[in-house]
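In what follows, a structure is listed as structure tokens, so that the remarks can point back to it.
The values are calculated or read from the model by the stated rules, or taken from the named source; none is laboratory data. Given the structure is predicted, the values throughout are model-derived calculations rather than measurements. Cβ placement follows ideal geometry from the backbone for every residue including glycine, while neighbour counts extend to all protein chains displayed. Accessible surface is based on the protein model in full, side chains and every heavy atom, while ligands, DNA and RNA are left aside. Shrake-Rupley method; radii C 1.70, N 1.55, O 1.52, S 1.80 Å.
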Amino acid sequence: MSGTYLGMPAFPEAAREAVGNRTLRGNLRHATHTIRAKRAKAVAEVSDWAALREAGKRIKDHTLRHLDRYLVQLEESVTAAGGIVHWAADADEANRIVAELVKATGESEVVKVKSMATQEIGLNEALEAEGIRAYETDLAELIVQLGKDRPSHILVPAIHRNRGEIRDIFRSEMSEWGRPAPEGLTDTPAELAEAARLHLREKFLRAKVGVSGANFMVAETGTLVVVESEGNGRMCLTLPETLISVVGIEKIVPTWRDLEVFLQTLPRSSTAERMNPYTSTWTGTTDGDGPRTFHLVLLDNGRTDTLADEVGRQALRCIRCSACLNVCPVYERAGGHAYGSVYPGPIGAILSPQLRGTASEIDASLPYASSLCGACYEVCPVAIDIPEVLVHLRERVVQGGTATRAGNKVVLKPAKGHAAERAAMRAARWAFAHPGALRAGQRLASRTRRLQPRTLPGPGRAWSGTRDLPAVPAEPFRDWWQRTHGGKDGAK
């Protein structure tokens, strides 16, 4: 995976700054609460939601166990349908492949469907370095691009912007990218959407190359699927002469029938709709219909390494619905930029450190960007146990240990700043392994409880600054039990 955003601090520092932005907090609170309520209503309409959730989990787990076989089948199916398959081990290779494919057409601009994979690898920046301009066509992505901003949400990248801010961005920036904003543009949603439509229409009609991702890839037929709500994806997928799709290898499903599950759970979990307004599917190329040339770039970029982790691999089930972001109390207050990744929120806190590793300060901090309340697990349509993976990654950060990086087993060193935590855990392990020492320590703590401080010193000051230290009992439980029950079970 490409590096973190340039100059990005660790999550606690970035979140502290974000929490102080009242406008940001207000925008996030309004948007997440609205989406959350609509999703709950849409899910409640489905009597077999729990069964669909379990089915999605099992399909994904089965596919990941046999990923090698299904990827080969997908390549054969896409090739048989007239497409061309490319394999990219990392972001640099994927960017090089796409840039060379665009150059081969003689074009210097592309239109893009909203794609997390292309954001992950920094494709827009890589194309710009090669003299190729990429135009985002999703409304929220357009707002982010025009505002020289970064996405802050998986589904709604401009969730941190309000209507007034969007109006100002359109007025000041649209003319530099193409058709300017209409005179007298207001902040009403209809006018903003119309301004974007007029601005993008000329790009759709002019562009010869389209770039997309995909929500799903069907191994048995070689079919790719994009679900979206605005129609911009349909324009990018059908009008250009050349289509290049960059897709993570985990987006594969074995059969066409498997889509039945995800086309019910994804729209309800993401946009709270019963069905996406636009569900586009394509299989290779067809004479006289759609692009004449289709390229599929299969992206690894840390996914195989993640697959090797028996606990962490469940993050690869993710279908990018963003439901976990909308219920997360940490995301609601900190926003997406604090995560330093295109994958913010709870899923980003477990996916980014696995794709990128935990060597950087921000990646080592992401597993701690959670209260472990479990709300993310409850809403996940493929039952990713995000709290379990967070705890697993915290252990990796603190203790180090074996992991897979670039296909090789490596031994990770513990992250800096956790020496006291490691020492405390080692001391606790020793004490619990020696009952006599534990009993003596408990008795000493009870007899000296009047002398014990009400707050912790040093690094513990921040913890006890917002919590009361638990009072030490007058006697240890073991002593109480021995005195009142004589140490016998069942005594009264």
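On the stretch given as region 380-391, residues that are assigned to a helix (DSSP H, G or I), crowded, with 17+ Cβ neighbours inside 10 Å and either in contact with a Leu (Cβ under 8 Å, 6 or more places away or on another chain) or not hydrophobic (A, V, I, L, M, F, W, C) (or both) total 2. Looking at region 399-492, the helices (runs of 4 or more DSSP H) lying wholly inside it that each contain 3 or more residues that are surrounded by 12 or more Cβ atoms within 10 Å (Cβ to Cβ) sit at 419-432, 435-447, 477-485. Applying a threshold of 7 Å to beta carbon distances and a minimum spacing of six or more residues, or different chains, the list of pairs starting in region 274-296 at a residue that is assigned to a loop (DSSP other than H, G, I, E, B) and ending at one that is among the aliphatic types (A, V, I, L, M) reads ARG274/ALA42; ASN276/VAL227; GLY284/VAL78; GLY284/ALA81; PRO291/LEU243. Annotation: VAL330 fulfils all but one of (1) modelled with pLDDT under 95; (2) part of a helix (DSSP H, G or I); the unmet one is (1). The C-beta contact set for region 98-121 (first residue at positive phi, second residue at pLDDT 95 or above and outside any strand (DSSP E or B), distance under 9 angstrom, 6+ apart or interchain) comprises GLY106/LYS208. The condition of being free of Cβ contacts under 8 Å to residues at least 40 places away in the same chain, in contact with a helix residue (DSSP H, G or I) (Cβ under 9 Å, 6 or more places away or on another chain) and among the hydrophobic types (A, V, I, L, M, F, W, C) holds for VAL398. Taken residue by residue, region 243-255 has no member that is at pLDDT 95 or above, assigned to a loop (DSSP other than H, G, I, E, B), among the small types (Gly, Ala, Ser) and crowded, with 22+ Cβ neighbours inside 10 Å.
Criterion applied to VAL297, VAL311, VAL327, VAL342 was being of a type in the set (Val, Ile, Thr), touching a His at 6+ places or on another chain (Cβ under 6 Å) and open to solvent by 10 Å² or more (accessible area, probe 1.4 Å), and the one residue passing it is VAL311.
Each residue in region 267-283 was checked for being out of contact with any helix residue (DSSP H, G or I) (no Cβ under 6 Å at 6 or more places or on another chain) and under 30 Å from ILE97 (Cα atoms), and 4 pass.
Residues checked against (1) without any contact (Cβ under 8 Å) to a residue 40 or more places away in the chain; (2) under 37 Å from the mean Cα position of the chain (by Cα):
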residue	(1), (2)
ILE384	no, yes
ARG429	yes, yes
ALA437	yes, no
ALA445	yes, no
ARG450	yes, no
PRO470	yes, yes
ALA474	yes, no
HIS485	yes, no
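A residue that is open to solvent by 20 Å² or more (accessible area, probe 1.4 Å), in a helix (DSSP H, G or I) and touching a Leu at 6+ places or on another chain (Cβ under 7 Å) cannot be found anywhere in region 228-240. Where strands (runs of 3 or more DSSP E) fall entirely within region 104-219, those with at least 3 residues that are within 30 Å of ALA14 (Cβ to Cβ) and open to solvent by less than 40 Å² (accessible area, probe 1.4 Å) are at 133-136. For region 71-103, a residue qualifies if it is β-branched (Val, Ile, Thr) and not in a helix (DSSP H, G or I), and the qualifying residues are ILE84, VAL85.
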